[in-house]
Amino acid sequence: MALVPGKQILEEAEKKGYGVGAYNVNNMEQIQAIMAAAKETQSPVIIQASRGALKYSNFTYLGYLMKAAVIENPDIPVVMHLDHGNSLESVVKAIELGFSSVMIDGSLMEDGRTASTYEYNVDVTRSVVVYAHARGVSVEAEIGTLGGLEDGVGSGNAHLTNPKEAKNFVDETGVDSLAIAIGTSHGAYKFKGAINLAFDVLKEVRSLVDIPIVLHGASCVPKELIDELNKYGGKMPGAMGVPITSLQEAIKLGVSKVNVDTDGRLAITAAIRKVFVENPEKFDPREYLGPARTALTNIIVSKMKAFGTAGHAKDYTPKTLDDMKKLYIGSA
Ligand SMILES: [Zn+2]
């Protein structure tokens, strides 16, 4: 089995200058699709579950499906990551399910909607770092807030990261990776008109902070997928994401973890719509979930190649959580 702490995969990516996609999962087909893509391209991979996804599956179902991904793919380094934990309690639950990495998003209050203060963010992040590191589990935190909503997470108002605050935050919390806000947002409607990412903020954070940097809200929302969706009865006018070239630029400037959820949702929904429109007589779930799974694999393969992750599965010997516990002693 190759369950790997998030810190190891991201530090390796940072060293070699590629990005690792972190793909959101809700069900078996998504997990299988992502793992098939990782196997095909020989990529390390982060599968992540939001609080909403865990709740939807009553926690245990999704936790065990993610564990199955690890068991089925002994040659692929896999991180099981909690996306947007909102409290120490949510983090404890994920670690009990066997996650090797957690995010605590203290940029928002526990309701996931109200922007928090810097002091609140430091406090909640520190408490998570102490708890998680004692168990060998890596911690991602967020400074600055993204626009848009993801599983109901987000204040709707974006505040770009203040680089000096980011540096102080990392020093004060001992966190392993840091999500920053440079103008991306959650969901399928990231920009109205011009696409504008604050690469100057990213550069400044990179020069001040030496832990891996994370970009949320990094789906491309490809036009072909939106056209396909709309062709088969969907209605998503004006959907727009981050161009792949901008993501590649961000990776070059120091982003190591690239969060992708929306593109997977679009690929699945487009494939299912197509099956239903072309074959209205079908009613076996395997006949529409199967094509959805294949469509998702294809889009994830293209991301693994574009982010530079492909071929890096065998670069290193995966560390265990026990190895990490030893590494963290004295540092948390
Ligand atoms: Zn996010």
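See the values below:
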item: Which numbered condition Lys274 misses (of (1) within 19 Å of the chain's Cα centre (by Cα); (2) surrounded by fewer than 23 Cβ atoms within 10 Å (Cβ to Cβ)); result: (1)
item: Contacts under 6 angstrom Cβ, first residue in segment 228-243 being farther than 11 Å from Phe191 by Cα, partner surrounded by 15 or more Cβ atoms within 10 Å (Cβ to Cβ) and β-branched (Val, Ile, Thr), 6 or more apart; result: Met236/Ile226
item: Hits in segment 197-224 (condition: in a loop (DSSP other than H, G, I, E, B) and within 16 Å of the ligand (Cβ to nearest atom)); result: Leu197, Pro212, His216, Gly217, Ala218, Ser219, Cys220, Val221
item: Scope segment 14-30; condition without any contact (Cβ under 8 Å) to a residue 60 or more places away in the chain and buried (at least 24 other Cβ atoms within 10 Å of the Cβ); matching residues; result: Val25
item: Single match in Asn162, Asn86, Asn73 (criterion: away from the ligand (no atom under 16 Å from the Cβ), surrounded by 17 or more Cβ atoms within 10 Å (Cβ to Cβ), under 22 Å from Asn24 (Cα atoms) and modelled with pLDDT of 95 or more); result: Asn73
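Here is a yes/no grid of residues against (1) under 22 Å from the mean Cα position of the chain (by Cα); (2) aromatic (Phe, Trp, Tyr); (3) not in a helix (DSSP H, G or I):
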site: Glu140; (1), (2), (3): yes, no, yes
site: Ala166; (1), (2), (3): yes, no, no
site: Gly187; (1), (2), (3): yes, no, yes
site: Ile195; (1), (2), (3): yes, no, yes
site: Ile226; (1), (2), (3): yes, no, no
site: Gly238; (1), (2), (3): no, no, yes
site: Thr245; (1), (2), (3): yes, no, no
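The values are calculated or read from the model by the stated rules, or taken from the named source; none is laboratory data. Here the structure is a predicted model, which is why all the values come from computation and not from measurement. Every residue, glycine as well, gets a Cβ built from its backbone with ideal geometry; the counts of neighbours run over all protein chains shown.
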